[in-house]
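The values are calculated or read from the model by the stated rules, or taken from the named source; none is laboratory data. Values in this document were obtained by computation on a predicted structure and should not be read as measured data. With ideal geometry, Cβ positions are generated from the backbone for all residues, glycine too; neighbour counts draw on all protein chains shown. Each accessible area value is taken on the protein alone, full model and side chains, heavy atoms only, with ligands, DNA and RNA left out. Shrake-Rupley method; radii C 1.70, N 1.55, O 1.52, S 1.80 Å.
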Amino acid sequence: NLFIATWSLSETSLSIRRKILSIVNDLQYYLIAYQERFGEMDNFNFFNRWSSSKNMLWKNSEIKHLPKNYYLLGKKEAIS
């Protein structure tokens, strides 16, 4: 129930991203590392829009030793 993509997903086309993200849509945990931009792609906005569309707890943090690179961590909210 964990999806890990360290810079790999952020360096693919939109069509491949959509296919991969649809496959891993219902997992409990996510760890995605990405750079702010890759070519013409604004990864920061892409991953913020995608994560905000899911009902999960998210933390998006800049990697201190790699400026303009981020860790996006997601966790399904516990049902009370």
| query | In the stretch 37-69, how many residues are charged (D, E, K, R) and farther than 16 Å from Arg17 by Cα? | reply | 4
| Single residue of Ile16, Ile20, Ile4, Ile32 found to be within 16 Å of Lys75 (Cβ to Cβ), open to solvent by 40 Å² or more (accessible area, probe 1.4 Å) and among the β-branched types (Val, Ile, Thr) | Ile4
